[in-house]
Amino acid sequence: MAPNLIGSSALFLAEATSTDNTELSTKSKHQPQTQVVKPIPPSIYPKYKWNVVWRNVIAFLYLHIAGLYGFYLILFVCSWKTTVWTILYAFIAGQGITAGAHRLWAHRSYKAKLPLRIILMICQTAAFQNHIYEWVRDHRVHHKFTDTDADPHNASRGFFFSHIGWLMLKKHKDVMVKGKTVDMSDIEADPVVRFQRFMFDTAIIHPVVFWNENAWISWYAAGIFRYTISLNFTWLVNSAAHIWGTKSYDKSIKPTENVYVAIAAFGEGWHNYHHVFPWDYKAAELGDYSLNPSTMIIDFFAKIGWAYDLKTVSLDMIERRVKRTGDGTRKSKCINTEESVIGDYCQHNEIWGWGDKDMTTEDIEDVKILNKLE
């Protein structure tokens, strides 16, 4: 996931330039020079040139210092109504990211009628994490080129970079070059996305207007603290969920299953599964809502007919994938199930979600679509 603080000028801020790893050596002064490529320890390869964007550094320093002050106000000063409002606002705005920008627009894992798209657009706008188009573009590029130099928040460069550092640096050239190959025509064609040309944050207004909260307190508690925490919870999907956890579905990729990130990010921490099956509207294999409230929200709107064509993955497909590429941490949920694999099932081309031209025929044919619109 790729939220952005300073508007479109801070998009794709992860510039990294690899250094030349070739060294010259000579056998003796009487022998001709030869070029020898010496192996370089993985711990120091590759090296990157960090071009810092100082205005972003200053902005994030302010956010985190002010956020700590806001946390103090939440604990000891502000009204209980402001505390409840801050939590409620964070949840509602978060659904604009998880159920909206992420699962609906970025991955096309389900379809939504106009009223629901408008609601999710408003929620996503309130989250203040970029316009939908820019958010989706970042995220599709991340999935298509995961943990490479073309990934805006490449986890191969360490926790700090993938968490927040990528927003403090200029972009790597591969992010823009390869990013242009990702199809965005469906997002460009959506009138709801085209309408959204601004961002606003109303979290600080309600406490002041409706229960006379001090504007200073509202700014730092309901505004800055809530926003800073929301950003960091979202960033954990980029960082922690690419470093720590199990790899039940594909041990060859960096994304992991991380329960703590799932709790913090409303069900987005089941990341190994999500990168293997990015078109699943649940973004997880879980069968309940306890650690995936965003799935509950989508299912609710499916019940009233506003969400439809919910795409998910058959248990048979999951079982086959786990047997082929899993790390052994997931136990089979089938009894007397015979492995049935045609050819090499392991995906060699990353995909960003439903509709990616690189999806295999088997994946398309085996997908399950719930609440299909007649």
Quiz item: Quick one: which of Ala150, Ala127 is touching a residue at least 24 places away in the same chain (Cβ under 8 Å) and within 30 Å of Pro207 (Cα to Cα)?
Solution: Ala127
Quiz item: Taking Pro207, is it out of contact with any Leu (no Cβ under 6 Å at 6 or more places or on another chain), crowded, with 24+ Cβ neighbours inside 10 Å, at pLDDT 95 or above and of a type outside the set (Lys, Arg)?
Solution: no
Self-check item: helices (runs of 4 or more DSSP H) within region 119-230 that include 3 or more residues within 15 Å of the chain's Cα centre (by Cα)
Solution: 132-144, 159-163
Practice problem: Search region 219-238 for residues that are of a type in the set (S, T, N, Q) and pair each with any residue that is not in a helix (DSSP H, G or I) when their beta-carbon atoms are under 7 Å apart and the residues are at least 6 apart or on different chains. | Solution: Thr234/Met1; Thr234/Pro3; Thr234/Gln129; Thr234/Ala265; Asn238/Met1; Asn238/His153
Quiz item: Among the candidates His153, His143, which residue alone is surrounded by 24 or more Cβ atoms within 10 Å (Cβ to Cβ), in contact with a helix residue (DSSP H, G or I) (Cβ under 8 Å, 6 or more places away or on another chain) and under 16 Å from His275 (Cα atoms)?
Solution: His153
Quiz item: Does Asp183 satisfy the criteria of being of a type in the set (D, E, K, R), touching a residue at least 12 places away in the same chain (Cβ under 8 Å) and surrounded by fewer than 16 Cβ atoms within 10 Å (Cβ to Cβ)?
Solution: yes
Self-check item: Positions within region 53-76 being of a type in the set (Val, Ile, Thr) and surrounded by 15 or more Cβ atoms within 10 Å (Cβ to Cβ), in sequence order
Solution: Val53, Val57, Ile74
Quiz item: Among Lys247, Lys254, which is the only one that is charged (D, E, K, R) and more than 26 Å from Phe60 (Cβ to Cβ)?
Solution: Lys247
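The values are calculated or read from the model by the stated rules, or taken from the named source; none is laboratory data. These figures come from a predicted structure and were not determined experimentally. Cβ: placed from backbone, ideal geometry, glycine included. Neighbour counts: every protein chain shown.
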